[in-house]
Amino acid sequence: MRGVDKTLIPVDNHLHTKFCGHAAGEISEYLEKAAGLGIRAVGFSDHLPLYFLPPDKMIPNYAMDERDLPVYVNMVKKHAAVSPVDVKLGIEADFVPGHEKKLEKLLAQYQFDFVIGSVHFIDGWGFDDPAELEGYGKRDIDGIYERYFDLVQQAALTGFFDVMSHPDLVKKFNFPPTRPLRPLYEETARVFKRAGVCVEVNTAGLRYPAKEIYPGPELLEVFYKYGLPVTMGSDAHRPDDVGCGLLEAMRLIKNTGYREIATYKNRKINFIEI
Ligand code: ZN
Ligand code: FE
Ligand code: FE
């Protein structure tokens, strides 16, 4: 076995912490779990404060409070200094058009190793929130997909993000579109290539009705064809989910043709051979 188990999951680049209000567990517990699984490198990427909402419209327990951002940064750094696991400081930032200046300012305050860009809102609708499921019945499903990928592309082009998170999150609750997605996939990959972003293979989809990794095999194939780098993460919101699904993610990544996985340090990309 040559200690194969110890090297199967090189990195989990998407971990949350209790600072966002909807994740559980101490940072030390996430790191213990990673070390126990032989994961050599992790990236914390908790939710950036909801900078695009007015202070009185904040959604409770959706993202960390602005006052907690420096606490989060310091906590991750403190653990990084002593952990046997290689710990990177990341952040998962929502993209909402029209609020770019505020986002830029917020991100510039800290030296993150990487910034993940996510689209969780379509024109004010939290389409990935189970509490807002009824929104799928009020809109045209093909229109939802088109608008989602349009926003993801806009996000990539801002230049604020190193990694585009869960790129087909819109499939989460398994309301399938009626038209083939290939043209949207191709367009998105072309835009990502132009933007110079990395894509994340995120296993949270396995834990939701979609029952599929984000991105699915066809979309990942298109990303590969366009030469886009990939990273991967469990999107763990509790220590037990660290590394969850990442063996399957590795299989998908390798079967698609990839031979390396990206990690980030000081916003610079590095590659781990797989
Ligand atoms: Zn979350
Ligand atoms: Fe997310
Ligand atoms: Fe996340």
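The values are calculated or read from the model by the stated rules, or taken from the named source; none is laboratory data. This one's a predicted model, so the numbers in the text were calculated from it and none came from an experiment. Cβ placement follows ideal geometry from the backbone for every residue including glycine, while neighbour counts extend to all protein chains displayed. Please note that ligands, DNA and RNA were not included when accessible areas were found on the heavy atoms of the full protein model with its side chains. Shrake-Rupley method; radii C 1.70, N 1.55, O 1.52, S 1.80 Å.
Residues of the range 39-49 that are of a type outside the set (Lys, Arg) and either touching a strand residue (DSSP E or B) at 6+ places or on another chain (Cβ under 7 Å) or at pLDDT 95 or above (or both): Ile39, Ala41, Val42, Gly43, Phe44, Ser45, Asp46, His47, Leu48.
Screening Leu133, Leu107, Leu103 for residues that are within 16 Å of ligand 2 (Cβ to nearest atom) and part of a helix (DSSP H, G or I) leaves exactly one candidate, Leu103.
The residue pairs whose first member lies in the range 60-84 and is within 16 Å of ligand 3 (Cβ to nearest atom), whose second member is part of a helix (DSSP H, G or I) and aliphatic (A, V, I, L, M), and whose beta carbons are closer than 7 Å, counting only pairs six or more residues apart or on different chains, are Val76/Ile27. Scanning the range 136-168 for residues that are outside any helix (DSSP H, G or I) and closer than 17 Å to Glu92 by Cα yields Thr158, Gly159, Phe160, Phe161, Asp162, Val163, Met164, Ser165, His166, Pro167, Asp168. Under the condition of being open to solvent by less than 60 Å² (accessible area, probe 1.4 Å) and more than 14 Å from ligand 2 (Cβ to nearest atom), the residues counted in the range 37-53 number 8.
Scanning the range 232-268 for residues that are touching a residue at least 24 places away in the same chain (Cβ under 8 Å), in a loop (DSSP other than H, G, I, E, B), surrounded by fewer than 22 Cβ atoms within 10 Å (Cβ to Cβ) and in contact with an Asp or Glu (Cβ under 7 Å, 6 or more places away or on another chain) yields Asn266, Arg267. For the range 192-217, filtering for residues that are open to solvent by 10 Å² or more (accessible area, probe 1.4 Å) and under 15 Å from Leu228 (Cα atoms) leaves 5.
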